[in-house]
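These notes concern the structure reproduced below.
The values are calculated or read from the model by the stated rules, or taken from the named source; none is laboratory data. Only a predicted model underlies this, so the values are computations on that prediction, with no experimental measurement involved. All Cβ positions, glycine included, derive from the backbone under ideal geometry; neighbour counts span all protein chains shown. All accessible areas refer to the heavy atoms of the entire protein, side chains included, with ligands and DNA or RNA removed. Shrake-Rupley method; radii C 1.70, N 1.55, O 1.52, S 1.80 Å.
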Amino acid sequence: MPTLAPPTSFDPFIKEFATYLRVEAGLSPATLSAYRADLKDLITFLTEHENAHELSDVRPSHLAHHVQHLHRDRGLQPSSIARHLATIRVFFRFMHANGRITQNPARLLETPTRWKRLPGVLSPRQMKELLSAPTPQTSKLWQRDKAMLELMYAAGLRASEVGALRLNEFNATLGVIIVTGKGSKQRLVPIGKPALRAVEQYLAEQYPLLTRFNDDRHKNRLLLSNTGRPLERVAVWQIVRRLASTTSLKGVHPHKLRHSFATHLLMGGADLRVVQELLGHSDIATTQIYTHVDRSRLRDVVRRHHPRP
């Protein structure tokens, strides 16, 4: 049996904070779990290294030491430290606003410089190779696998999003799907003919066989496992990697399909705001990382529009 962490005086405040995030902020379970993990790391450090056992004991220097610990002792990347800092800021701001503490010790924390890692993308030729990977030789459920890949690339879906798709969220007549993203936010995304054909073929030939094994709870899910259950996020990752291993492609994962979707749209001249909407990004700054992608397009724009090319 795993050893349970002993209760601390911080626990009621974390519970109150988690309730706020779930009920009022509407954050997803995955995001809530990340917040809890970050706060658990913080409290462990405060109690073991700073002798701070009460919320009112926490000082700005304690938080600064925690950030140093994350970087120096745990070797976290700046992006991970920035996430920890975001959790700490929101937590103490909430505690201060609700009168749990008289001073906010996190108000002076600075975010470390974030090294922007350019997302890995597949070229259109490589993407075509991956989409051609599902065959009767690769899996008995090759039609499901092809439908999954086509949807992920056609709509820029996360692994969790494609697995959660429901039958009534796929509209073949309009050529669109309804995607439920982070924070339970929904967006309408058009899909092209290849994805439509792949999904319709899967629904006509393999889907009826898979639904024989499941109960009524799962019959509204679009993509099913060989036991008739919905595809989980881990299963999506495994399928993508398995199919990539049958090709010459290396380092392929579900998010690389999402990166490729956004990159190829921008290469084709799509507006950044449109790509933001299709990806479900709440902040366009998140989408702007894709603008680096096609330097040849920048040269072409200058060549065509500058008076002295």
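Overview of values
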quantity: FRET efficiency estimate (nearest 0.05) - Cβ-Cβ, Lys128 to Arg74, R0 35 angstrom; calculated: 0.25
quantity: Heavy-atom accessible area order for His71, His62, largest first, 1.4 Å probe; calculated: His71, His62
quantity: Over the chain, volume per residue of the alpha carbon convex hull, in Å³; calculated: 201 Å³
quantity: Rotationally averaged projected area of the stretch 128-253 (alpha carbon convex hull; nm²); calculated: 7.5 nm²
quantity: Residue-averaged 222 nm ellipticity for the chain, from DSSP H runs of 4+ at -39500 (n - 2.57), nearest 500; calculated: -15500 deg cm²/dmol
quantity: Accessible carbon and sulfur surface of the chain relative to its total accessible area, %, 1.4 Å; calculated: 53 percent
quantity: Förster-model FRET efficiency, 35 Å R0, Lys140 and Asp57, C-beta, rounded to 0.05; calculated: 0.05
quantity: Where the chain is the region considered: accessible area per residue in Å², 1.4 Å probe; calculated: 58 Å²
quantity: Heavy atoms of Lys128 accessible to a 1.4 Å probe, total area in Å² rounded to 10; calculated: 140 Å²
